[in-house]
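Asks: Sharing a structure with you now.
The values are calculated or read from the model by the stated rules, or taken from the named source; none is laboratory data. Keep in mind it's a predicted model, so treat the numbers as computed, not measured. With ideal geometry, Cβ positions are generated from the backbone for all residues, glycine too; neighbour counts draw on all protein chains shown.
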């Protein structure tokens, strides 16, 4: 599964929107790519608010003809940590099933984007954390970080763990406020690059109402390709 790009980050950092932007960008360039969210939570909330799930949005924006069960093998009811949500639903997550779904997508698309869960060390299955899973898969990685003191600290800690695990990461800074301090943005950018010796691809400014066209345009200005080049990792 060496054609995988995993989009990681903290809760609310904008991972889903980044993937949607990359799907739209790839489609614009005539280079269709696949996307997968192996495990999602919050189906009760999706239904109560009549919202499309993340996987449904992937299918729509990426114009993927696959059945949703291939894109999202597990959709759990409650908005809880994945292992707890699975226990509450009486489900035991099968990592082999997830890998089988990813293998199928990898046969259909030259690149597959995966949205990872929030956190690296929180249990993912009964026996593995998300960090242990991606260490086995060894995908390309994009880390999405919000702007702010806590986001900077969380990103420094998480990215250091990923690097110590032998994984190379590209970073995207994503703003969820129209009133960001420019000095903080510059400081966070420089600190991440200097402390981690990692590459910050760029900064996504605040977009009201999650305007996907603007996200796609911002990502296009960062990347020659709609995903990191394996030769640069």
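Asks: Please go through the range 149-175 and give me each residue that is surrounded by fewer than 17 Cβ atoms within 10 Å (Cβ to Cβ) and touching a residue at least 40 places away in the same chain (Cβ under 8 Å), ordered by number.
Replies: Within the range 149-175, 156, 161, 168 qualify.
Asks: Give me the pairs, please: first residue somewhere in the range 178-190 and surrounded by 11 or more Cβ atoms within 10 Å (Cβ to Cβ), second residue anywhere and modelled with pLDDT under 95 and assigned to a loop (DSSP other than H, G, I, E, B), beta-carbon distance under 6 Å, and either six or more positions apart or on two chains.
Replies: From the range 178-190, the pairs are 180/147; 185/147.
Asks: Would you kindly identify the strands (runs of 3 or more DSSP E) lying entirely within the range 72-177 that contain at least 3 residues that are under 16 Å from the mean Cα position of the chain (by Cα) and at negative phi?
Replies: Because the criterion is at least 3 residues that are under 16 Å from the mean Cα position of the chain (by Cα) and at negative phi, the strands (runs of 3 or more DSSP E) in the range 72-177 that meet it are 112-115, 140-145, 169-174.
Asks: Could you list, in sequence order, the residues of the range 191-220 that are without any contact (Cβ under 8 Å) to a residue 40 or more places away in the chain, part of a helix (DSSP H, G or I) and exposed (fewer than 12 other Cβ atoms within 10 Å of the Cβ)?
Replies: 194
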